[in-house]
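J.: One structure, pasted below without further comment.
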Amino acid sequence: MFLAQLKRELLLVSRSVHDLANPLIFFVMITCLLPLAVGAEATLLQQLAVGIIWVMALLASLLSLDQLFRSDFEDGTLDQLLLLPQGLFWPVMAKLLAHWLVTGLPLTLISPLLALMFALPVKTFALFMFSLLLGTLYFSFVGAIGAALTVCLRKGGLLLSLIIMPLYIPVLIFGTGALAQLMEGYNAAGPLALLAALTAFAVAMAPLAIVAALRIGVDG
């Protein structure tokens with residue numbers, strides 16, 4: 001059931017190349033333009049790099065969340081999924097994983113190239129990618145809660161952002177804090193462990209909240 005749903009979601013995404021490319025293009029373009037605006041001084045770029053890339057990854061993730069469940073809601077697929085005897089948990093989990101695979105994972109893989117533009121030390125790349133891997137996974141799972149709550153609204157993008165943004169702040173703090181500590185010569189295990197704990201909690205609990213929110217949205 002899970003694998004079949006995951007395959008379906010990836011197939012649907014592959015048919016909408018522009019929806020797949022928009023968040024990645026936004027992430028790359030904005031992140032590339034900022035060094036041109038602030039100048040080429042290596043020290044300044046290093047100070048700004050971590051925060052800029054994390055914020056751009058957050059905004060890129062938000063771009064694709066509004067349509068996460070909307071098409072299934074509009075064409076009746078969501079109603080059919082709610083009638084499944086197996087429940088909605090595994091279809092939701094498959095959709096969330098597919099969303100991360102086509103948004104968060106590409107952002108993570110391309111981040112070292114952008115880090116080079118900001119003159120970040122190569123020794124920080126592994127930690128940077130790992131923290132972004134956890135962070136983008138959190139963005140997809142927690143952001144989907146807002147998408148589920150606003151699925152029945154025609155223009156729920158702004159409301160979605162208002163609901164989700166406060167929940168993103170802790171991950172933003174711990175993600176940037178881990179790399180900042182490493183660059184200053186300190187141990188980054190503390191912020192990274194907190195980031196991993198938040199992501200694990202989100203992966204475990206967010207699908208349950210999403211299922212409840214979708215049931216409310218469809219029944220309402």
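The values are calculated or read from the model by the stated rules, or taken from the named source; none is laboratory data. Owing to the predicted nature of the structure, the values given are computational and were not obtained by experimental measurement. Every residue, glycine as well, gets a Cβ built from its backbone with ideal geometry; the counts of neighbours run over all protein chains shown. Just the protein is used for accessible areas: all its heavy atoms, side chains included, with ligands, DNA and RNA removed. Shrake-Rupley method; radii C 1.70, N 1.55, O 1.52, S 1.80 Å.
J.: Just the number please: accessible area per residue for the chain, 1.4 Å probe, all protein chains included, in Å².
T.: Numbers: 10670 Å² over 220 residues.
Value returned for the chain: 48 Å² of accessible area per residue.
J.: Report the full-extension gain for the segment LEU82 to LEU11: residue separation times 0.36 nm, less the Cα-Cα distance, to one decimal in nm.
T.: Here the segment from LEU82 to LEU11 would lengthen by 23.4 nm.
J.: Same structure, new question: Of (1) 1.08; (2) 0.97; (3) 1.00, which is the value of Rg/Rh (Cα atoms, Kirkwood Rh) derived from the coordinates here?
T.: Of the labelled values, this structure produces (3).
J.: Okay, next question. For ALA196, project a label point 7 Å along Cα to C-beta. Then give me every residue of region 116-153 with its amide nitrogen under 16 Å of that point.
T.: Counting backbone N atoms under 16 Å from the label point, the list is 126-138.
J.: Counting alpha carbon pairs within less than 8 Å and at least 6 residues apart, what relative contact order, in whole percent, applies to the chain?
T.: 26 percent
J.: Angle, helix 125-149 long axis vs. longest principal axis of the chain, Cα atoms, 0 to 90°, nearest 10?
T.: Helix 125-149 sits roughly 30 degrees off the main axis of the chain.
J.: Counting only protein heavy atoms and a 1.4 Å probe, tell me what percentage of region 132-190's accessible area is made up of carbon and sulfur.
T.: Carbon-and-sulfur percentage of accessible area, whole number: 70.
J.: Sticking with this one: Go ahead and run the numbers for FRET between LEU158 and MET117, Cβ-Cβ distance against an R0 of 25 Å, rounding to 0.05.
T.: Working from the Cβ atoms, E equals 0.20.
J.: If you average the C-alpha positions of region 143-207 and of region 92-109 separately, how far apart do those two centres end up, in angstrom?
T.: Result: 15 Å between the Cα centres.
J.: Here is a further query. Quick one: among LEU182, LEU194, LEU84, which has the greatest mean-square fluctuation in a GNM of the chain with alpha-carbon springs under 10 angstrom?
T.: Of LEU182, LEU194, LEU84, the Gaussian network model singles out LEU84 as fluctuating most.
J.: While we're on this one: Using a 7 Å offset from Cα along Cα-Cβ at PHE130, what residues in region 190-209 end up with backbone N under 16 Å from the label point?
T.: Hits in region 190-209 for PHE130 at 16 Å: 190-200.
J.: Please get the size of the charge dipole for the chain, origin at its Cα centre, with Cβ charges of +1 on Lys and Arg and -1 on Asp and Glu, quoted in debye to the nearest 20.
T.: Dipole of the chain, to the nearest 20 debye: 140 debye.
J.: Specify the residue with the greatest mean-square fluctuation among SER161, SER111, SER71, computed from a Gaussian network of the chain linking alpha-carbon atoms under 10 Å apart.
T.: Comparing SER161, SER111, SER71 in the GNM, the peak value goes to SER71.
J.: Contact order normalised by length for region 111-220, with contacts defined as Cα pairs under 8 Å and 6 or more residues apart; what percent is it?
T.: Once normalised by length, the contact order is 36 percent.
J.: Okay, next question. Could you give the nm distance between label points at TYR186 and ALA212, where each point is 7 Å from its Cα heading toward the beta carbon?
T.: Each label point lies 7 Å from its Cα, and together they span 3.6 nm.
J.: Now for a different question. Tell me, what is the FRET efficiency for LEU101 and GLN46 to the nearest 0.05, using R0 = 25 angstrom and their Cβ-Cβ distance as r?
T.: E between LEU101 and GLN46, to the nearest 0.05, is 0.25.
J.: Report, to the nearest 10°, how far helix 42-63 tilts away from the longest principal axis of the Cα atoms in the chain, using its own Cα long axis and a range of 0 to 90°.
T.: The two axes meet at around 10 degrees.
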